[in-house]
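A.B. asks: Sharing a structure, written as structure tokens. Questions coming.
The values are calculated or read from the model by the stated rules, or taken from the named source; none is laboratory data. Quick caveat, the model's predicted, so the values are computed rather than measured. Every residue, glycine as well, gets a Cβ built from its backbone with ideal geometry; the counts of neighbours run over all protein chains shown.
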Protein chains: 2
Amino acid sequence: MQLFYQNLLPEINYLDQDESKHCIKVLRKQQGDELDIIDGKGTFYKAKITDASAKKCRFEIISTTQERKVAFHRHLAIAPTKNMDKMEWLVEKATEMGIDEISFFQSFHSERKVIKIERLEKKAISAMKQSLKAKKPLLNEIIPYKQFLKETDVSNKLIAYVDFKNKIHMKNELSHQQDTLVLIGPEGDFTPEEVSLAIENRYKKVSLGNSRLRTETAALAAVHLMNLAME
Amino acid sequence: MQLFYQNLLPEINYLDQDESKHCIKVLRKQQGDELDIIDGKGTFYKAKITDASAKKCRFEIISTTQERKVAFHRHLAIAPTKNMDKMEWLVEKATEMGIDEISFFQSFHSERKVIKIERLEKKAISAMKQSLKAKKPLLNEIIPYKQFLKETDVSNKLIAYVDFKNKIHMKNELSHQQDTLVLIGPEGDFTPEEVSLAIENRYKKVSLGNSRLRTETAALAAVHLMNLAME
């Protein structure tokens with residue numbers, strides 16, 4: 001199934017230029033043909049083409065369906081890797097598995113202080129379409145670690161950090177159906193001060209298991225665990 | 001920590017040409033310096049350089065440590081994706097998370113009938129070193145699906161296939177500590193005949209959850225589940 005994306009639905013009833021071109025020039029859709037469109041906010045639209053313009057393909061909505069709501073909000077916050085490809089990969093895979101929000105923060109050992117959120121948005125949109133979802137994760141601009149801790153609060157806050165005195169697996173901290181936020185550190189890991197600061201802010205330290213995972217793999221494992229908790 | 005690889009340990013007490021060059025030319029190690037070497041079969045070696053040759057760096061073994069043994073054999077069998085990059089990515093990530101064996105098979109909807117096992121071997125070795133493991137997964141050459149089913153047998157055999165009449169999540173079929181093999185289908189999925197053939201061969205149908213995952217993502221999710229069952 002081919003999905004089109006228009007985030008301004010239901011107010012705007014046409015596809016943007018890229019989507020129109022793909023729809024009319026590449027897929028050769030014509031007036032009267034049906035389209036499946038998503039708004040990235042959780043709604044699938046069945047629509048019919050009223051003007052098969054390759055610049056502004058207009059349609060009328062026939063029906064709508066809501067995507068199955070998830071039980072709790074899954075939020076991943078990560079110190080981006082130096083290699084941006086890995087973050088694009090992560091956004092793609094996390095969207096595919098299911099995630100509601102991804103935030104980026106600068107920490108002491110971060111090798112990357114800026115991110116191109118537009119590129120990540122494109123990856124998220126493409127992954128959402130490919131995996132037939134109607135909801136796009138919210139992607140937040142990078143901010144300093146301290147600011148992130150201060151500004152973000154949910155009931156279940158976790159920090160992935162292996163502490164040999166306290167090895168609680170993340171899977172055991174997801175049993176309750178509650179909004180969850182998990183922090184994943186940079187390639188050089190969190191500093192002890194950063195961990196203490198999280199603890200002061202009511203974060204629980206959790207482990208992702210016995211394997212030594214790279215930043216982006218750890219993040220995907222955490223996303224998978226949040227999804228498993230809902231199955 | 002820098003790990004070197006010599007799969008012929010303990011019989012052979014030198015690094016191959018690539019590893020020797022990296023050790024002596026790049027890292028500028030000298031006679032008497034200590035090395036950490038893995039054999040890909042589960043043993044870590046502490047060694048001391050006896051001849052700092054950039055072509056054949058010789059060493060003597062000081063001590064050995066065995067990697068923590070996993071409770072059961074984790075085997076992933078997959079119909080490779082058309083895009084070989086995705087398989088390289090999968091081998092890398094699966095090695096990082098932990099996998100004992102990866103097999104490839106040709107199925108009806110397979111778009112790829114051949115694989116370059118040498119490239120995948122390199123990815124596995126590099127991921128093993130990076131994640132400080134001593135055991136490399138066994139990678140098997142691609143064979144036809146029917147042949148694979150016939151030749152491979154373990155106590156817990158699973159096939160990832162979403163059947164709406166029978167939605168058993170894979171996580172619920174991993175509770176016993178037993179050797180597990182999971183089959184992941186191609187981009188066009190298994191045919192009903194291929195699923196029936198697996199059932200005849202005592203495979204159980206399992207789901208990986210509500211999200212529609214691409215082949216390589218489904219495979220990684222399955223690998224993660226096998227690892228979670230051991231935590």
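A.B. asks: Can you find a residue that is among the charged types (D, E, K, R) and loosely packed, with under 15 Cβ neighbours inside 10 Å anywhere in region A:34-45?
C.D. replies: First, the residues of region A:34-45 that are among the charged types (D, E, K, R): A:34, A:36, A:39, A:41.
Checking which are loosely packed, with under 15 Cβ neighbours inside 10 Å leaves us with A:34, A:41.
Yes, because at least one residue in region A:34-45 is among the charged types (D, E, K, R) and loosely packed, with under 15 Cβ neighbours inside 10 Å.
A.B. asks: Select from region A:57-69 the residues that are without any contact (Cβ under 8 Å) to a residue 60 or more places away in the chain and within 12 Å of chain B (Cβ to nearest Cβ) and write down the one among them that is surrounded by the most Cβ atoms within 10 Å (Cβ to Cβ).
C.D. replies: A:Arg68
A.B. asks: I'd like the full set of residues that are part of a helix (DSSP H, G or I) and either under 20 Å from A:Lys136 (Cα atoms) or under 28 Å from the mean Cα position of the chain (by Cα) (or both), limited to region A:16-63. Steps first, answer last, please.
C.D. replies: In the first step, residues of region A:16-63 are kept if they are part of a helix (DSSP H, G or I); the result is A:17-26.
Matches in region A:16-63: A:Gln17, A:Asp18, A:Glu19, A:Ser20, A:Lys21, A:His22, A:Cys23.
A.B. asks: Also, quick follow-up: Test A:Arg212 against the stated conditions and say whether it is closer than 18 Å to B:Leu220 by Cβ and either part of a loop (DSSP other than H, G, I, E, B) or not assigned by TED's automatic domain parsing to the domain that holds A:Glu92 (or both). Reasoning before the result, please.
C.D. replies: Values: closer than 18 Å to B:Leu220 by Cβ: yes; either part of a loop (DSSP other than H, G, I, E, B) or not assigned by TED's automatic domain parsing to the domain that holds A:Glu92 (or both): yes.
In short, yes.
A.B. asks: Here is a list: B:Glu194, B:Glu216, B:Glu231. Which entry is within 11 Å of chain A (Cβ to nearest Cβ) and touching a Ser or Thr at 6+ places or on another chain (Cβ under 7 Å)?
C.D. replies: Values: B:Glu194 fails: within 11 Å of chain A (Cβ to nearest Cβ); B:Glu231 fails: touching a Ser or Thr at 6+ places or on another chain (Cβ under 7 Å).
It is B:Glu216.
A.B. asks: Of everything in region A:94-122, what is within 14 Å of another protein chain (Cβ to nearest Cβ) and farther than 25 Å from A:Thr65 by Cβ? Give them in sequence order. Outline the logic, then answer.
C.D. replies: Narrowing region A:94-122 to residues within 14 Å of another protein chain (Cβ to nearest Cβ): A:94-100.
Once the filter is applied, which keeps residues that are within 14 Å of another protein chain (Cβ to nearest Cβ) and farther than 25 Å from A:Thr65 by Cβ, region A:94-122 yields nothing.
A.B. asks: What's the number of the only condition in (1) touching an Asp or Glu at 6+ places or on another chain (Cβ under 6 Å); (2) within 14 Å of chain A (Cβ to nearest Cβ) that B:Phe72 fails to meet?
C.D. replies: Answer for B:Phe72: the failing condition is (2).
A.B. asks: The conditions are (1) more than 20 Å from B:Thr217 (Cβ to Cβ); (2) at pLDDT below 95; (3) surrounded by 15 or more Cβ atoms within 10 Å (Cβ to Cβ), and B:Leu149 fails exactly one of them. Which is it?
C.D. replies: Unmet condition: (2).
A.B. asks: Suppose we keep only residues that are aliphatic (A, V, I, L, M) and surrounded by fewer than 18 Cβ atoms within 10 Å (Cβ to Cβ) within region A:152-183. Which one would you say is nearest to the other protein chains (Cβ to nearest Cβ)?
C.D. replies: Here the answer is A:Ile168.
A.B. asks: Please pick out the residue among A:Ala54, A:Ala124, A:Ala134 that is in contact with a Phe, Trp or Tyr (Cβ under 8 Å, 6 or more places away or on another chain) and of a type outside the set (S, T, N, Q). Before the answer, list the steps.
C.D. replies: On the way: A:Ala54 fails: in contact with a Phe, Trp or Tyr (Cβ under 8 Å, 6 or more places away or on another chain); A:Ala124 fails: in contact with a Phe, Trp or Tyr (Cβ under 8 Å, 6 or more places away or on another chain).
Testing whether each residue is in contact with a Phe, Trp or Tyr (Cβ under 8 Å, 6 or more places away or on another chain) and of a type outside the set (S, T, N, Q) leaves just A:Ala134.
A.B. asks: Same structure again: Starting from residues that are small (Gly, Ala, Ser) and in contact (Cβ under 8 Å) with a residue 12 or more places away in the chain, keep the ones in region A:194-216 and report whichever is surrounded by the fewest Cβ atoms within 10 Å (Cβ to Cβ).
C.D. replies: The qualifying residue surrounded by the fewest Cβ atoms within 10 Å (Cβ to Cβ) is A:Ser207.
A.B. asks: Just one of A:Ile143, A:Ile159 is touching a residue at least 12 places away in the same chain (Cβ under 8 Å) and within 21 Å of A:Ala221 (Cα to Cα); which is it? Let's see the steps before the verdict.
C.D. replies: On the way: A:Ile143 fails: within 21 Å of A:Ala221 (Cα to Cα).
Going through A:Ile143, A:Ile159 in turn, the sole match is A:Ile159.
A.B. asks: B:Asp85: more than 24 Å from A:His224 (Cα to Cα) and either in contact with a Cys (Cβ under 6 Å, 6 or more places away or on another chain) or surrounded by fewer than 21 Cβ atoms within 10 Å (Cβ to Cβ) (or both), yes or no? Show your work before the answer.
C.D. replies: Numbers: more than 24 Å from A:His224 (Cα to Cα): no; either in contact with a Cys (Cβ under 6 Å, 6 or more places away or on another chain) or surrounded by fewer than 21 Cβ atoms within 10 Å (Cβ to Cβ) (or both): yes.
No, not satisfied.
A.B. asks: Looking at A:Ile24 and the list (1) surrounded by 17 or more Cβ atoms within 10 Å (Cβ to Cβ); (2) outside the structural domain of A:Ser155 (by TED's automatic domain parsing); (3) of a type in the set (A, V, I, L, M, F, W, C); (4) in contact with a Phe, Trp or Tyr (Cβ under 7 Å, 6 or more places away or on another chain), which single condition is not satisfied?
C.D. replies: Among (1) surrounded by 17 or more Cβ atoms within 10 Å (Cβ to Cβ); (2) outside the structural domain of A:Ser155 (by TED's automatic domain parsing); (3) of a type in the set (A, V, I, L, M, F, W, C); (4) in contact with a Phe, Trp or Tyr (Cβ under 7 Å, 6 or more places away or on another chain), the lone unmet condition for A:Ile24 is (4).
A.B. asks: Moving to a separate point now. Which condition number in (1) within 24 Å of A:Ala134 (Cβ to Cβ); (2) more than 10 Å from chain A (Cβ to nearest Cβ); (3) without any contact (Cβ under 8 Å) to a residue 24 or more places away in the chain is the one that B:Asp189 fails?
C.D. replies: Condition not satisfied by B:Asp189: (3).
A.B. asks: Look at A:Val223 and say whether it is of a type in the set (Val, Ile, Thr), within 19 Å of the chain's Cα centre (by Cα) and buried (at least 17 other Cβ atoms within 10 Å of the Cβ).
C.D. replies: Values: of a type in the set (Val, Ile, Thr): yes; within 19 Å of the chain's Cα centre (by Cα): yes; buried (at least 17 other Cβ atoms within 10 Å of the Cβ): yes.
Taking the combined requirement at face value, the residue satisfies it.
A.B. asks: Then there's this: Out of curiosity, is B:Lys133 more than 13 Å from chain A (Cβ to nearest Cβ), surrounded by 14 or more Cβ atoms within 10 Å (Cβ to Cβ) and either within 30 Å of B:Thr64 (Cβ to Cβ) or of a type in the set (Lys, Arg) (or both)? Write out each step before concluding.
C.D. replies: Numbers: more than 13 Å from chain A (Cβ to nearest Cβ): no; surrounded by 14 or more Cβ atoms within 10 Å (Cβ to Cβ): yes; either within 30 Å of B:Thr64 (Cβ to Cβ) or of a type in the set (Lys, Arg) (or both): yes.
The answer is no for B:Lys133.
Quick grid of which residues meet (1) touching a residue at least 12 places away in the same chain (Cβ under 8 Å); (2) out of contact with any Cys (no Cβ under 9 Å at 6 or more places or on another chain); (3) within 23 Å of B:Ala221 (Cβ to Cβ):
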residue	(1), (2), (3)
B:Asn7	yes, yes, no
B:Ile12	no, yes, no
B:Glu96	yes, yes, yes
B:His109	yes, yes, yes
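A.B. asks: Considering only region B:197-213, state which residues are within 14 Å of another protein chain (Cβ to nearest Cβ), of a type in the set (S, T, N, Q) and in contact with a strand residue (DSSP E or B) (Cβ under 8 Å, 6 or more places away or on another chain).
C.D. replies: From region B:197-213, those within 14 Å of another protein chain (Cβ to nearest Cβ) are B:206-213; that's our starting set.
Those left that are additionally of a type in the set (S, T, N, Q): B:207, B:210-211.
Hit for region B:197-213 is B:Ser207, nothing else.
A.B. asks: Does region A:6-13 contain at least one residue that is in contact with a Lys or Arg (Cβ under 8 Å, 6 or more places away or on another chain) and not assigned by TED's automatic domain parsing to the domain that holds A:Gly185? Spell out the reasoning first.
C.D. replies: Let us first name the residues in region A:6-13 that are in contact with a Lys or Arg (Cβ under 8 Å, 6 or more places away or on another chain), namely A:7, A:13.
Checking which are not assigned by TED's automatic domain parsing to the domain that holds A:Gly185 leaves us with A:7, A:13.
Yes; the residues of region A:6-13 include at least one that is in contact with a Lys or Arg (Cβ under 8 Å, 6 or more places away or on another chain) and not assigned by TED's automatic domain parsing to the domain that holds A:Gly185.
Residue-wise test of (1) more than 13 Å from the chain's Cα centre (by Cα); (2) polar (S, T, N, Q); (3) modelled with pLDDT of 95 or more.
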position: B:Phe104; (1), (2), (3): no, no, yes
position: B:Glu111; (1), (2), (3): yes, no, no
position: B:Lys116; (1), (2), (3): yes, no, no
position: B:Ile125; (1), (2), (3): no, no, yes
position: B:Gln130; (1), (2), (3): yes, yes, no
position: B:Leu138; (1), (2), (3): no, no, yes
position: B:Glu141; (1), (2), (3): no, no, yes
